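Enquirer: One structure coming up, written as C-alpha cells, with questions to follow.
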Amino acid sequence: MPERRHGQKLVEQWQAGDEAAAKELFDTYVERLMALARRRISQRLASRVDPEDIVQSVFRTFFGRVKAGKFQFEDQDDLCKLLVRITINKTMRQIDFHTAAKRNPGHETGQTEEGYDHLPELLAGEPSPDVTVAFLDQLEHFLAKLRPQERQILEMRMQGYGNEEIAAKLGIYDRKIRRVIEHVRELAAEEGMAPPS
C-alpha cells in the first residue's frame, strides 16, 4: 500500500479510537517534517528554534483540528501536503518571532575580546531589592502553577541537568521530559515570561 494512502488509513483508524494509529502516523512523518523545519532555520537561529518543538506543535495542531472535523482528505496527497504546510507555517512564525526587532540574532555581537570588555561591569551591577523581590514573587507564582513532577524537571533543567540525566534520575522517558518542557514554555508565555510557541 503506498505510504500516502497508508497515512490516510491511519488517520481514519485514529478517528475511530485507535491511539496506536496516531503514534504510527507520528512516526511515519516526524523525521521528514523535522528535516523540513531544520532546513529553514538559519545557523544563527538554531540555538533558539528547535525543529523537534515545532514538529510536536504541528502534530498537536493537526490532531486537534482533525478531531474538530476541520480537515477533509480527498486526494491521496492531502495528508502529506497538509503536514508540510503546517510545518512551514509554524517554522516561519518562529523565525519571524526570533528575527523581530531586539530579538534578531543578526544584531548580536560576536564573542570577541571586545565583547568581554563590558562583562565585569555587567556582572558587578546588582538588581535593586525591589526588582529582586518582584522577580522572586513572579517566579514563585509561576512555579506554584506547576505539578510537583513538572517543577522537579524544571528545577533540574535550571541546575544544568540534560534530558537523559533527568530521565535516569526520575525513571521517566525523555519524550515525557520534552512534553513537560513544552508545557512549561506555553505556561511561561501565558504568564508573559517567555515567547509564545
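Enquirer: Find out how many positive minus negative residues lie around Lys67, taking Lys and Arg as positive, Asp and Glu as negative, among other residues whose Cβ is under 15 Å from that of Lys67. Spell out each step's value before the answer.
Expert: Numbers: positive: Arg60, Arg65, Lys70; negative: Glu12, Asp18, Glu19.
So the environment of Lys67 carries a net charge of 0.
Enquirer: Starting from 0.36 nm per residue, how many nanometres of slack lie between Gln72 and His183 once their C-alpha separation is accounted for? All intermediate terms of the calculation are to be shown ahead of the outcome.
Expert: Working: separation 111, 0.36 × 111 = 39.96 nm, distance 2.87 nm.
Extra length from Gln72 to His183 when fully extended: 37.1 nm.
Enquirer: Now for a different question. Could you compute the net charge surrounding Asn163? Neighbours are other residues with a C-beta less than 15 Å from the C-beta of Asn163; K and R count +1, D and E count -1. List each step's numbers first, then the result.
Expert: Details: positive: Arg157, Lys169, Arg175, Lys176, Arg178, Arg179, Arg185; negative: Asp50, Glu52, Asp53, Glu150, Glu155, Glu164, Glu165, Asp174, Glu182.
Charge balance near Asn163 sits at -2.
Enquirer: Distance check, please: which entries in Lys9/Lys176; Lys67/Lys176; Lys81/Lys176; Lys145/Lys169; Lys90/Lys145; Lys70/Lys145 exceed 25 angstrom between their Cα atoms?
Expert: Long pairs (Cα-Cα over 25 Å): Lys9/Lys176; Lys81/Lys176; Lys90/Lys145; Lys70/Lys145.
Enquirer: Per residue of the range 167-179, in order, report the coupling 6.51 cos²θ - 1.76 cosθ + 1.60 (Karplus, θ = phi - 60°) as ³J(HN,Hα) in whole Hz, putting x for Gly and Pro.
Expert: Karplus values, whole Hz, x for Gly and Pro: 4, 5, 5, 9, x, 10, 7, 4, 4, 4, 4, 4, 5.
Every read-out reported here was derived from the displayed coordinates using simple, explicitly stated rules and does not represent laboratory data. Keep in mind it's a predicted model, so treat the numbers as computed, not measured. Counting neighbours? That spans all protein chains shown, and the Cβs are built from the backbone with ideal geometry, glycine included.
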